[in-house]
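*Asks:* The following block contains the structure, expressed as structure tokens.
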């Protein structure tokens, strides 16, 4: 049923090009350094995996699972397990929308005193931003559209699609 409402938006080849571009930017900024990538579950898994394979630096990966729904408190279901104090940390987001959950995560990680804390996003949707938060590395800025695929979902459907689709009403 959902497939009938999907319009192709970004192909897997275009995604690959964006991931490679971001990897080169990160490598240039962190040459010779070790980085810790923090992947918020669930949507960022595809992007984090591809980015990890593309970045030629010493790296570690950890996961965090945060729940946040409009009108309810943001809470950590699964926190990171790596000590990030004094380390170079990258939050890996597949898309930045309103920014509430990302802002919460950024503040939580800052409290652990990393040497640097930067945000990497495949897609940036500033039209939906509710908080003043900006990624340091942006694959592509998009207009206000609902997208699924490559980790992004509609009620858990569509995460596995290799391309990104615009979901029509």
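*Asks:* Somewhere in segment 46-53, is a residue over 22 Å from residue 150 (Cβ atoms) and surrounded by 18 or more Cβ atoms within 10 Å (Cβ to Cβ)?
*Replies:* Step one: of segment 46-53, the residues over 22 Å from residue 150 (Cβ atoms) are none.
No, that holds for no residue.
*Asks:* What do you reckon, is residue 16 exposed (fewer than 15 other Cβ atoms within 10 Å of the Cβ), part of a helix (DSSP H, G or I) and at pLDDT 95 or above?
*Replies:* Yes; evaluated as a whole, the condition is true for this residue.
*Asks:* Looking only at segment 22-49, which residues are without any contact (Cβ under 8 Å) to a residue 60 or more places away in the chain, within 23 Å of residue 163 (Cβ to Cβ) and either within 10 Å of the chain's Cα centre (by Cα) or not in a helix (DSSP H, G or I) (or both)?
*Replies:* Correct list: 39, 41, 48.
*Asks:* Continuing with this model, one more query. Among the numbered conditions (1) touching a residue at least 60 places away in the same chain (Cβ under 8 Å); (2) within 30 Å of residue 130 (Cβ to Cβ); (3) under 18 Å from the mean Cα position of the chain (by Cα), tell me where residue 74 comes up short.
*Replies:* Condition (1) is where residue 74 drops out.
*Asks:* Related question: From (1) closer than 17 Å to residue 139 by Cβ; (2) at pLDDT below 95, pick out the condition that doesn't hold for residue 46.
*Replies:* Against the list (1) closer than 17 Å to residue 139 by Cβ; (2) at pLDDT below 95, residue 46 comes up short only on (2).
*Asks:* For a quick check of your reading of the model, give me the residue pairs whose first member lies in segment 143-155 and is free of Cβ contacts under 8 Å to residues at least 60 places away in the same chain and at negative phi, whose second is part of a strand (DSSP E or B) and surrounded by 15 or more Cβ atoms within 10 Å (Cβ to Cβ), with beta-carbon atoms closer than 6 Å and at least 6 apart or on different chains.
*Replies:* Taking only residues 6 or more apart or on different chains, the pairs are 146/167.
*Asks:* Identify all residues within segment 100-131 that are crowded, with 19+ Cβ neighbours inside 10 Å, touching a helix residue (DSSP H, G or I) at 6+ places or on another chain (Cβ under 8 Å) and either under 30 Å from residue 161 (Cβ atoms) or in contact (Cβ under 8 Å) with a residue 60 or more places away in the chain (or both); write none if there are none.
*Replies:* Within segment 100-131, 119, 120, 122 meet the criteria.
*Asks:* Here's another thing I want to ask about it. When you check residue 165 against the structure, is it at pLDDT 95 or above, buried (at least 19 other Cβ atoms within 10 Å of the Cβ) and at positive phi, yes or no? Steps first, answer last, please.
*Replies:* Working: at pLDDT 95 or above: yes; buried (at least 19 other Cβ atoms within 10 Å of the Cβ): yes; at positive phi: no.
The answer is no for residue 165.
To keep it simple, each residue is scored yes or no on (1) modelled with pLDDT under 95; (2) part of a strand (DSSP E or B); (3) in contact with a strand residue (DSSP E or B) (Cβ under 9 Å, 6 or more places away or on another chain).
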{"position": "106", "(1), (2), (3)": "no, no, yes"}
{"position": "109", "(1), (2), (3)": "no, no, yes"}
{"position": "113", "(1), (2), (3)": "no, no, no"}
{"position": "121", "(1), (2), (3)": "no, yes, yes"}
{"position": "132", "(1), (2), (3)": "yes, no, no"}
{"position": "139", "(1), (2), (3)": "no, yes, yes"}
{"position": "145", "(1), (2), (3)": "yes, no, yes"}
{"position": "159", "(1), (2), (3)": "yes, no, yes"}
{"position": "169", "(1), (2), (3)": "yes, no, no"}
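*Asks:* Scan segment 50-78 for residues that are outside any strand (DSSP E or B) and modelled with pLDDT of 95 or more and report the count.
*Replies:* To start, the set of residues in segment 50-78 that are outside any strand (DSSP E or B) comprises 50-57, 68-74.
Pick out the ones that are also modelled with pLDDT of 95 or more and you get 50-57.
Of the residues in segment 50-78, 8 are outside any strand (DSSP E or B) and modelled with pLDDT of 95 or more.
*Asks:* Turning to a different aspect of this structure: Can you confirm whether residue 3 is at pLDDT 95 or above and either in contact with a strand residue (DSSP E or B) (Cβ under 6 Å, 6 or more places away or on another chain) or not in a loop (DSSP other than H, G, I, E, B) (or both)? Please lay out each step first, then the result.
*Replies:* On the way: at pLDDT 95 or above: no; either in contact with a strand residue (DSSP E or B) (Cβ under 6 Å, 6 or more places away or on another chain) or not in a loop (DSSP other than H, G, I, E, B) (or both): yes.
Answer is no for this residue.
*Asks:* Cβ contacts < 9 Å: first residue within 18 Å of residue 157 (Cα to Cα), restricted to segment 5-20; second residue at pLDDT 95 or above and in a helix (DSSP H, G or I), any location; separation 6+ or different chain. Result?
*Replies:* 10/18
The values are calculated or read from the model by the stated rules, or taken from the named source; none is laboratory data. Small disclaimer: the values here were computed from a predicted structure and weren't measured. In this analysis, Cβ positions are derived from the backbone assuming ideal geometry, glycine residues included, and neighbour counts consider all displayed protein chains.
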